[in-house]
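See structure below.
Please treat every number below as a calculation from the coordinates, not as lab data. Keep in mind it's a predicted model, so treat the numbers as computed, not measured. Please note: Cβ atoms are built from the backbone with ideal geometry, for glycine as well, and neighbour counts cover all protein chains shown.
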Amino acid sequence: MPDTVPQNGGYMVAAYVVGAVVLISYALSLYLRTRPRLPA
Amino acid sequence: MRLLRAGRWITAIALLLLAGVYVRALVYTPVERLQGLAQKIYYLHVPAAIWAETAMIIVGIASIFYLFLKDPRLDRFAHASAEVGTVFAVLMLTTGPIWGKPIWGTWWSWDARLTLALFLFLLYVGYLLLRSAVADPASRARFAAVLGICGMVLVPFVHFSVYMFRTLHPMPIVLKPSAPSLPGNMLATWLFSVAVFTLLYVGFVTQRYALSYLREQLEATVGGGDSGMGHA
């Protein structure tokens, strides 16, 4: 049993940033693809 | 279109709730003593993995029914589920190595679970590539349905690989026959995250289904010309 908690918060932050980027990017891509282009 | 609007609303609500998951997981859920803060990746990685697998099962079931009934709605639904499943598979395969590095000391290991999970992702990519490569809608739907059923057959091997082989990947601590080995506070955060990912899946699939439907309608009216929508 280690005496101290491992210091690896950077990996957690990286994973949560990746998660947000992936999910928001896909939500945005769906929004843009379903939005009809305006006529020129 | 009502379906599209509903999908957008569900997605918007799910994204707001996802912010709630982030706050609950990062601020209000205790830190696991052995793994440290990296253990909190669990609240993203596992719900993403559950929906990467479930989405493929749904693709397979819709595909089986499509082959019998030839209903284009089933093909559209399978396509939508496959695209959304790919997104969750990407999330699973990116958060997994980020968690693995501080805990296992390596980003990746070619063990049964990780390799089969990668294979599931490649099957998703193959499914989407196949759909974009076949022009005839009836052939496209039929070929894709066969691949979708193959994908569904792969899922139990992915899930049970930790029992069948010696792997670096840990066994399930919640989705197992006995009681979950997770403290109440952590379990509540995990269940909240699974519920939000479920809502995200529903919102994404509803929008993706509506997109396919709109595209088919526009192609039918303009005779396959520029529909005013982007490509799939």
List pairs: first in region A:17-30 and over 14 Å from B:Gln207 (Cα atoms), second of a type in the set (Ser, Thr, Tyr), Cβ under 8 Å, 6+ apart or cross-chain? A:Val18/B:Thr94; A:Val18/B:Thr95; A:Gly19/B:Thr95; A:Ala20/B:Tyr22; A:Val22/B:Thr94
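This table checks each residue for (1) under 26 Å from A:Tyr26 (Cα atoms); (2) among the aliphatic types (A, V, I, L, M).
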site	(1), (2)
B:Tyr66	no, no
B:Thr86	yes, no
B:Ile98	yes, yes
B:Pro102	no, no
B:Gly105	no, no
B:Trp110	no, no
B:Phe121	yes, no
B:Tyr124	yes, no
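Just to check your reading of the model, which residue among B:Tyr43, B:Tyr22 is without any contact (Cβ under 8 Å) to a residue 12 or more places away in the chain, within 11 Å of chain A (Cβ to nearest Cβ), more than 30 Å from B:Arg140 (Cβ to Cβ) and hydroxyl-bearing (Ser, Thr, Tyr)?
Values: B:Tyr43 fails: without any contact (Cβ under 8 Å) to a residue 12 or more places away in the chain.
Being without any contact (Cβ under 8 Å) to a residue 12 or more places away in the chain, within 11 Å of chain A (Cβ to nearest Cβ), more than 30 Å from B:Arg140 (Cβ to Cβ) and hydroxyl-bearing (Ser, Thr, Tyr) holds for just one of B:Tyr43, B:Tyr22, which is B:Tyr22.
I'd like to check something: does region B:98-118 contain any residue that is in a helix (DSSP H, G or I), more than 21 Å from B:Val162 (Cα to Cα) and within 14 Å of another protein chain (Cβ to nearest Cβ)?
Of the residues in region B:98-118, the ones in a helix (DSSP H, G or I) are B:98-104, B:112-118.
Then drop every residue that is not more than 21 Å from B:Val162 (Cα to Cα), which leaves none.
No, because not a single residue in region B:98-118 is in a helix (DSSP H, G or I), more than 21 Å from B:Val162 (Cα to Cα) and within 14 Å of another protein chain (Cβ to nearest Cβ).
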Given the conditions (1) surrounded by fewer than 23 Cβ atoms within 10 Å (Cβ to Cβ); (2) under 25 Å from B:Gly184 (Cα atoms), report the number of the one that B:Val90 does not fulfil. (2)
Within region B:27-40, which residues are more than 7 Å from chain A (Cβ to nearest Cβ) and part of a helix (DSSP H, G or I)? B:Val27, B:Tyr28, B:Gln39
In region B:167-180, is there at least one residue being more than 27 Å from A:Leu23 (Cα to Cα) and touching a His at 6+ places or on another chain (Cβ under 9 Å)? no
Whichever residue in region B:170-193 is touching a helix residue (DSSP H, G or I) at 6+ places or on another chain (Cβ under 7 Å) and crowded, with 18+ Cβ neighbours inside 10 Å and, among such residues, is farthest from B:Gly100 (Cα to Cα): B:Phe192
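Quick one: which residue in B:Ser139, B:Ser181 is free of Cβ contacts under 8 Å to residues at least 24 places away in the same chain, within 27 Å of B:Ser63 (Cβ to Cβ) and among the hydroxyl-bearing types (Ser, Thr, Tyr)? Before you say what the answer is, go through the steps one by one.
Working: B:Ser181 fails: within 27 Å of B:Ser63 (Cβ to Cβ).
Just a single option satisfies the conditions, and that option is B:Ser139.
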